[in-house]
Each structure stands twice: as C-alpha cells, then as structure tokens.
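Shown next, in structure tokens, is the structure this report addresses.
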Ligand code: PMT
C-alpha cells in the first residue's frame, strides 16, 4: 500500500517545522517594507535559485532543483536601478546575488583583476616569485590567510596598504604596497561599486537565504503576508503596489519531516527506493489569501518548446495570477514569453557571449514595470 499523501498548503505548514529564525526575519521584513513604502517606493519580492529536498534530518544527501540564480540576481539590479522599487531577495544560500554576481569565482575571478604594486613600482608575482618578498620560515610560500570575518588584531602579513577605514582597526604595516585594479577592469568595477553603494546607503535591498523547499515555502508565505498587510502612514496597504517575481525553481516533491530518516541512509541494502510526496501548489493561496491583490509573476521552465505555452496558460488559469513568463532551458537568456489572459508576447535579444552584452532581464523588468503600473492604476492605489 502506498503511503503517498496529497498535502494542502495548510497541512504542509502544520507538519513541516518553520525555519528557526522565521519570526525575527519577518520582523525585519516588516520594518523594511514599512520604511520603503513610506519613502514612496513599491516593493518587489524576488525568489531566486533552486530549492533542495534533504533525504535525512542530519543531512548528508539532498536533491536539488536547477537554477544558478542569474535570473533573480540580474532582475533585482534592474528593479533597484529604476529607483522605484525596494527589493526583498529570497535566494538559495550561496546562489548568485545582485552586484557580487559580476565577480563570481567562475565567470570573472576577482583576484585576477588585481595587482599588488610595490614601492619601487614592481608588480608582485611578475618577474620575481612572491615568496622572494616574504621572510617565511621552512620554505613556506605564504603565511596562513587571515579570516575576513574576524581579522587578527595584528596581521601576520599585510598585503593591505590602505589606511584602516575605522580608527579602531589595527594599523597596516606594508605601507609601501598598493593594490591596483588592472586598467580595463577599473571602469566597470567602479560603476558597479557605485551602484552597490547607492543601494546600500538607501537601504532598498533586503536579502534572505533559504536552502530547503520547506524553508522556501515558510518564507514565501511569511513575506507575502507581511507585504500584503503592511500599511503606509496614510493607512493605505501596500496591496497592488507590491510585486511577486517568482523566479525560483521549486521542487515538486519532498519527504515530509515525519517520514525522513534521522541519520545518513546506509548503502548496505543495495538499491535505494525513495517515495516522495507532492509539494502543495501555493500560488492559488498566494493570490487568494496572502498577497492582498499584489501583482504576481510566476515562471515556467520547460525543455520541450511545444508544451511551453500550453503549460504556462494552464498555470495562469489554475492560479488566477497576472503573468506567467515562459522560458526554455536552452534559450532562456535570449528569449522569454509573457503569457497573460489576453495573449502572448515574446521578448527577444540577440545572442551574445561577451561580458558587455545586454541581458534580457533589462527588457523583462522594463515591461513588467509598465504592466505593474497599469495594474495599480486599475486598482486605484
Ligand atoms: O537561475 P537561472 O539559472 O538564471 O535560471 C532561471 C530559471 C530558468 C530557473 C527561471 O527563469 C525559471 O524558469 N524559474 C521557474 C522554474 C520552474 O519551472 O519552476 P516550477 O515549475 O517549480 O514553478 C513554477 C512557478 O511557481 C515558479 O515561479 C515557482 O517559483 C512557483 N512555485 C512553484 C511551486 C511552489 N510550491 N511554489 C511556488 O511558488
């Protein structure tokens, strides 16, 4: 007999324990939304990255959903850059994030863009091996690398030539050295850094990490409810001025808490058979109960072009939200289709491989902002 259970959203939240810091996180979201709505901004919740399904409580193995987080992180930058939106960025831990994604270790290794220039103008590592510069015992090439989280009070080796930013930081010792950004990289890095600092200083980006599908759904519900209920000083709810941009790739199946193995599953029995239950579809509940008429955009990822639009349309009809953006795995960076009640609209950009090419998220967000504007004016907010 199968033990498969069809969970409603209600059952799911009754049985899956919440993330331990949920309340604290939601209080911070509430403050963020209140402040931004009072400063005249709209608020968009962006979900990004893939959810995991752990196989054990003491998790050694898990199933993962495909998503690097590029769509979500790039989209966040365009919403922020418009000056009209504050962004709540609900993202898979360690997936790509707005701004820092441009210097991820794989696409643009940050350390390769920097040179260490000595007092005499020589560049460390070019010509002479760096070890020649360092008085290290026992043939070591470099000393232990200090932790960025908690720098030691007196660095064993300072490659850091700049004066400390805060008076209580220890003084640097290698005043003869300078860290220099290689010329072709300076302009883009400066532009990125300026954008990042503006966003930081305005306090318009609030990030929350998740890992499992259960954490994702708890945060999705909590944040949507907070957005739905928050009012501005005039007593007007965020309501239609809120947008929900659901780019995360969410697992369709999971193992309920009570059925999950406590310890690492042992390999002694040969094959492994896993039975998983269906994750409840929460979009309908989001529309009907949580979001208070917010503008909801979901994504549909397929690999077979012939089913993309029919599947997107089915989702739209089933959940009753505003837009499904369809994309195919192979072409998702160059074309997407907006599926709405009254028709379909393709957005396309030329294929590009270089770092300076335009990203399709620029056009997606520009179009969504127009559609959101129309949605808010229809609702009279
Ligand atoms: O991050 P990248 O590498 O750039 O890739 C981006 C992407 C391809 C992952 C993205 O563009 C995309 O298509 N995301 C949705 C993938 C998908 O088909 O998800 P889904 O079928 O699991 O869910 C459909 C929609 O409902 C999604 O918007 C999802 O966030 C939402 N959903 C689904 C299930 C659930 N229980 N709750 C949800 O909110």
May I ask you to list the residues in the stretch 205-224 that are within 15 Å of the ligand (Cβ to nearest atom) and closer than 20 Å to residue 40 by Cα?
223, 224
State whether one or more residues within the stretch 242-251 are modelled with pLDDT of 95 or more and more than 9 Å from the ligand (Cβ to nearest atom).
yes
Enumeration of residues in the stretch 339-354 that are out of contact with any helix residue (DSSP H, G or I) (no Cβ under 7 Å at 6 or more places or on another chain) and in a strand (DSSP E or B)
340, 343, 345, 346, 348
What residue, of 258, 314, is modelled with pLDDT under 95, assigned by TED's automatic domain parsing to the domain that holds residue 50 and assigned to a helix (DSSP H, G or I)?
258
So which of 235, 203 ends up being touching a residue at least 12 places away in the same chain (Cβ under 8 Å), out of contact with any strand residue (DSSP E or B) (no Cβ under 7 Å at 6 or more places or on another chain), surrounded by fewer than 21 Cβ atoms within 10 Å (Cβ to Cβ) and under 19 Å from residue 38 (Cβ atoms)?
203
Name the one entry in 308, 272, 202 that is more than 17 Å from residue 26 (Cα to Cα), assigned by TED's automatic domain parsing to the domain that holds residue 374, out of contact with any helix residue (DSSP H, G or I) (no Cβ under 7 Å at 6 or more places or on another chain) and within 15 Å of the ligand (Cβ to nearest atom).
308
So the strands (runs of 3 or more DSSP E) completely within the stretch 27-71 holding 1 or more residues that are in the same structural domain as residue 246 (by TED's automatic domain parsing), at pLDDT 95 or above and within 16 Å of the ligand (Cβ to nearest atom) are 42-48, 52-54
With respect to residue 282, determine if the residue is crowded, with 18+ Cβ neighbours inside 10 Å and touching a helix residue (DSSP H, G or I) at 6+ places or on another chain (Cβ under 6 Å).
yes
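The values are calculated or read from the model by the stated rules, or taken from the named source; none is laboratory data. Remember, it's a predicted structure, so these values are computed and weren't measured experimentally. In this analysis, Cβ positions are derived from the backbone assuming ideal geometry, glycine residues included, and neighbour counts consider all displayed protein chains.
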